[in-house]
Amino acid sequence: MSRRFAVDPWAVRETRLDFDALGQTESVFALANGHIGLRGNLDEGDPHALPGTYLNGVHELRPLPHAEAGYGYPESGQTVVNVTNGKILRLLVDDEPFDVRYGHLRAHERELDLRAGVLRRAVEWVSPAGQGVRVASVRLVSFVQRGVAAVRHIVEPLEEGARVVVQSELVANEPLPPPNRDPRAAAALRAPLEGESWGHGETSVLLSHVTHASGLRVTAGMDHVVAGPPGTGLGAESSADLGRITVTADLRAGQRLEVVKFLAYGWSAARSLPAVRGQVAAALAEARHTGWDGLVASQADYLEEFWAGADVELEGDAEIQQAVRFGLFHVLQAGARAEGRAIPAKGLTGPGYDGHAFWDTESFVLPVLTYARPSAARDALQWRHATLPAARTRARQLGLAGAAFPWRTIAGEECSGYWPAGTAAFHVGADVADAVERYRYATDDEQFERECGVELLVETARLWRSLGHYDPHGGFRIDGVTGPDEYSAIADDNVYTNLMAQRNLRAAAAAVDRHPDLGTDLGVDDGEIARWREAAEAVAIPYDEELGVHPEAEDFTQHEEWNFATTRPDQYPLLLHFPYFDLYRKQVVKQADLVLALHLRGDAFSAEEKARNFAYYEARTVRDSSLSACTQAVIAAEVGHVELAYDYLGVAALMDLHDLEHNTRDGVHMASLAGGWIGLVAGFGGMRDHDGRPSFCPRLPSALTRLSFRMGVRGRRLRVDVLPDSATYRLEAGAPLSVTHHGDHARVAAGRPVTRAIPSAPEPPAPVQPPGREPPRRA
């Protein structure tokens, strides 16, 4: 396939404008900081595939209709709101609108700079009347000033002078295209913002709105610094849904008009209109005080510090090098300044999945942030902690103890109208607990543990103890649940769920042992701790003795096999072409489930069990979810299929740059982008953290000649350099650290790197995949 983007180690560059790919590029070129998200729409607003400006947490409520009512069904959904669009800078040249669909587009280039944290655009355009102009813009969403974004926009005539008008706008309630029938797309919201206050100054505008049903107050503001030839004019206007600053200039050849636009956003569910407007006005004032050059410099400084501790380097595949950095950049954008808000499945790059957060955050995104940007991981877990009241209420509604976290949500309440895939997916609680424990291991952050961690572990453990039961043989069973595989539901003893619950129960007991005063405050007594430990030791783990594999859930291996021979290529994803009833009772796997257990609970399986399980599920996994490929890469590498792991790494890392699932227009796949890091670090680096100590079993595919990555571990910065036949562990900062290399222990200290040989890989028989679902070969 032809590449849409030039391969560059530190940039994603588009050298021609493809109107059919606008949706994809709007997501790929999106800028965000975890609080504000701006899709990569063209500055002039048109044409677009899907306009989008998002504030993390700003949502509207909508009814969740059910054909038949049932007790405990969620009745209200939450959908992300496209808030006031401040990106627009319309241009008229000699009275003709600058529109790349008309006239002659001589050159068009956009570049996402991963070190500078900006989106650059350069255009040469000749109007239908023959007037040529050069337009250059640079856009950023500040990592340092949380509520601020900015654009620098420069216009200059190509040959002859030109009369130009720039209209800088704030636009609320933009019309959106209707969603398609794909259930992964967003619900349509028409005019969700009700104008509350508006006003303008000479160069500034403030617009305030309230969402109709959720009652959230949103204010957007803009201010400008204009540099042009003598006679450059300014005008301002505002109304409920439109603010506009108009700049006019007569440019001679060699002159240019420069407009720097500062944007600020704020919102609140509780604060007054004057308070929110004041917040935005203050953010604008600070942005203007910092100036464009200051914002750009602080952005680069922030990213320099991030890359120093998070970068992954490889030799032998320039495209994967670009992709893993692109993925890390988007993961950072999703969580850097979320500060008390969720990390949605699409980040703030598009409205897919209605802007909801899922368990992917804890299981895929937070492992990356925990080792690359732990403050962002902590913030995401603090958001989960803040939603505990809603999770407790949901558990009571379901007749359970503890806290039942939602399958999908924005504000904390369950928003899935399909209970077999939503309510029954109780593994979310164990995924949260796993993220809590990983963060504790990696950071030694006792303050977080005392303020949030212990309570999260206790309430999720209480859920498991009340959800499970003992069978007549003394086994602790967890029945009627749905694991990660969305093509199976309401199953008994899902192995992934049970093993993660086991870890959760043990972690809660250990946390209360460490902090008995907090246990007392939470009403935990010795009897409850003992019950947690007893349940953990008795957890049922189904095993098929005849096949020598673990069934995904009890009796899964007895189900009828899916008929892959009669399934056409155009019938994937299966969920769009077959009823769930048929999927649920067949051996077909949407995404890694038992194989994910091999990764996250690899301490519960022998090497032989991992190899047999991987081969069995490889033949039944169709990868209809973007969550699957990175996990398959990790386990393929571990059991000896290193070249297959390399193929799966390509699927995960290139998910959005190649638009592999044809839905990047709805936003990037944040978990899959995190999966690029996971595939390299946990796959070819062999990194595991089961016992709280980092262990490594590195092994490279033939195409890669070097892999180097850094990770923060308990205040240290560890660098791992992997070559085809050896690995070197270097401590770049902090006290000495113990690591494990292919089972051998080593102690690494600053200035004393440790190098170890890499043993030969096992050579198991090559596994097979369902016909047509093999990963594309990277070789």
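The values are calculated or read from the model by the stated rules, or taken from the named source; none is laboratory data. Everything numeric here is computed off the predicted structure, so don't read it as measured data. Cβ atoms come from the backbone with ideal geometry, glycine included; neighbour counts cover every protein chain shown. Side chains are part of the model used for accessible areas, which takes the heavy atoms of the whole protein and leaves out ligands, DNA and RNA. Shrake-Rupley method; radii C 1.70, N 1.55, O 1.52, S 1.80 Å.
Return the inverse of the average 1/r over all pairs of distinct C-alpha atoms in region 508-583, which is the Kirkwood hydrodynamic radius, in Å to one decimal.
17.0 Å
How large is the helix-only mean residue ellipticity at 222 nm for the chain, computed as the sum of -39500 (n - 2.57) over DSSP H runs with n ≥ 4, divided by its residue count, in deg cm²/dmol to the nearest 500?
Values: 17 runs with 220 residues, N = 779.
When only DSSP H runs of four or more count, the value is -9000 deg cm²/dmol.
To one decimal place, what orientation-averaged projected area in nm² is obtained for the convex hull of the Cα set of region 108-232? Can you show the working numbers first?
Working: hull surface 48.4 nm².
Averaged projected area of region 108-232's Cα convex hull equals 12.1 nm².
What are the principal axis extents of the Cα atoms in region 305-405, in Å, biggest first?
Here the Cα extents, ordered largest to smallest, are 55, 26, 21 Å.
Given region 500-647, report the % of alpha carbon pairs whose separation exceeds 22 Å.
Beyond 22 Å sits 53 percent of the P(r) for region 500-647.
Between Rg and the Kirkwood Rh of region 79-118, both from Cα atoms, what is the Rg to Rh ratio?
Working: Rg = 15.1 Å, Rh = 13.8 Å.
In region 79-118, Rg relative to Rh is 1.09.
Just for the Cα atoms in region 330-375, what are the lengths along the principal axes, largest first, rounded to whole Å?
Each principal axis gives a Cα extent; for region 330-375 these are 28, 20, 18 Å.
If packing is taken as the mean number of other Cβ atoms within 10 Å per residue, what is the order of 576-582, 137-143, 545-551, highest first? Present the calculation step by step, with values, prior to reporting the outcome.
On the way: 576-582: 12.1, 137-143: 24.7, 545-551: 15.3.
Most protected by this proxy first, the peptides run 137-143, 545-551, 576-582.
With Kirkwood's inverse mean 1/r over C-alpha pairs for Rh, give me the Rg to Rh ratio of region 240-289, two decimals please. Write out the running numbers ahead of the final one.
Values: Rg = 16.1 Å, Rh = 13.9 Å.
So for region 240-289, dividing Rg by the Kirkwood Rh gives 1.16.
Can you list which of the trypsin sites (Lys or Arg not before Pro) found in region 189-264 are DSSP loop residues with at most 15 other C-beta atoms within 10 Å?
R190, R252
I'd like the per residue volume of the convex hull spanned by the Cα atoms of region 668-726, given in cubic angstrom.
100 Å³
Quantify, in whole percent, the carbon and sulfur part of the accessible surface of the chain (1.4 Å probe; protein heavy atoms only). Walk me through the numbers on the way to the answer.
Details: 13750 of 27720 Å².
C and S atoms contribute 50 percent here.
When only alpha-carbon atoms are used, what values of Rg and Dmax, in angstrom, describe the chain?
Over the chain's Cα set, Rg and Dmax evaluate to 26.7, 90 Å.
Just the C-alpha atoms of region 453-574: what Rg/Rh do they give, with Rh taken as the Kirkwood radius? It would help to have the intermediate numbers written out before the result.
Numbers: Rg = 18.1 Å, Rh = 16.2 Å.
Dividing the radius of gyration by the Kirkwood radius yields 1.12.
Regarding region 45-191, what is the average projected area of its C-alpha convex hull, in nm²? Could you put the intermediate results ahead of the total?
Numbers: hull surface 49.0 nm².
So the Cα hull casts an average projection of 12.2 nm².
Based on the Kirkwood radius over alpha-carbon pairs, what is the Stokes-Einstein translational diffusion coefficient of region 372-525 at 25 °C with 0.890 mPa s viscosity, in µm²/s?
Stokes-Einstein gives a translational diffusion coefficient of 156 µm²/s.
May I ask you to derive the FRET efficiency for E534 and T566 from their Cβ-Cβ distance with R0 = 45 Å, giving the value to the nearest 0.05?
0.40
To the nearest whole percent, what portion of all C-alpha pairs in region 344-451 is separated by more than 21 angstrom? Walk me through the numbers on the way to the answer.
Values: 1968 of 5778 pairs.
Counting pairs separated by more than 21 Å, the tail of P(r) holds 34 percent.
Using alpha-carbon pairs under 8 Å, 6+ residues apart, how would you state the relative contact order of the chain in percent?
Across the chain, relative contact order equals 12 percent.
Please list the radius of gyration and Dmax for region 550-622, considering alpha-carbon atoms only, with Å as the unit.
In Å, with Rg to one decimal and Dmax whole: 13.3, 39.
Restricting things to alpha carbons, tell me how big region 582-697 is in terms of Rg and Dmax, in Å.
14.1, 43
For region 686-779, what is the convex hull (Cα atoms) projected area averaged across all directions, in square nanometres? Provide the component values of the computation, followed by the final result.
Details: hull surface 30.4 nm².
Directional mean of the projected Cα hull area for region 686-779 stands at 7.6 nm².
Quick one: order W562, W10 from most to least accessible surface, probe 1.4 Å.
Sorted by accessible area, descending: W10, W562.
Peptides 356-367, 415-426: what's the order by average Cβ count within 10 Å, highest mean first?
356-367, 415-426
Taking the convex hull of the alpha carbon atoms in region 258-364, what volume per residue do you get, in Å³?
Details: hull volume 18.9 nm³, N = 107.
Hull volume normalised by residue count: 177 Å³.
Sort 631-644, 531-544 by the packing proxy (mean of other Cβ within 10 Å over each peptide's residues), most packed first.
Sorting 631-644, 531-544 by mean packing, highest first, produces 631-644, 531-544.
Against the empirical 2.2 N^0.38 Å scaling, what ratio does the C-alpha Rg of region 454-501 come to?
So the Cα radius of gyration is 1.21 times the expected 2.2 N^0.38 Å.
Normalised by the number of residues in region 220-259, what is the relative contact order in percent for Cα pairs under 8 Å and 6+ residues apart? Don't skip to the end; give the middle numbers.
On the way: 46 pairs, mean separation 18.6, N = 40.
Here the relative contact order equals 47 percent.
Please give the FRET efficiency for R514 paired with Y71, using the beta carbon to beta carbon distance and R0 = 41 Å, rounded to the nearest 0.05.
The computed FRET efficiency comes out at 0.55.
So for region 620-771, what are the equivalent ellipsoid semi-axes in whole Å, largest first, each being the square root of 5 times an eigenvalue of the Cα gyration tensor?
So the equivalent ellipsoid measures 29, 19, 12 Å along its semi-axes.
Given a 1.4 angstrom probe, what's the average accessible area per residue across the chain, in square angstrom?
The answer is 36 Å² per residue.
What nm value, rounded to one decimal, do you get for the distance between I541 and D471 when each label is placed 7 Å out toward the C-beta?
1.6 nm
Would you mind estimating how fast region 1-132 diffuses translationally, via Stokes-Einstein at 25 °C and 0.890 mPa s with the Kirkwood radius over Cα pairs, in µm²/s? Each step should come with its number before you reach the end.
Working: Rh = 17.4 Å.
Answer from the Stokes-Einstein relation: 141 µm²/s.
Can you give the FRET efficiency to the nearest 0.05 for S268 and R756, using r as the Cβ-Cβ distance and R₀ = 56 Å?
That pair, S268 with R756, gives E of 0.55.
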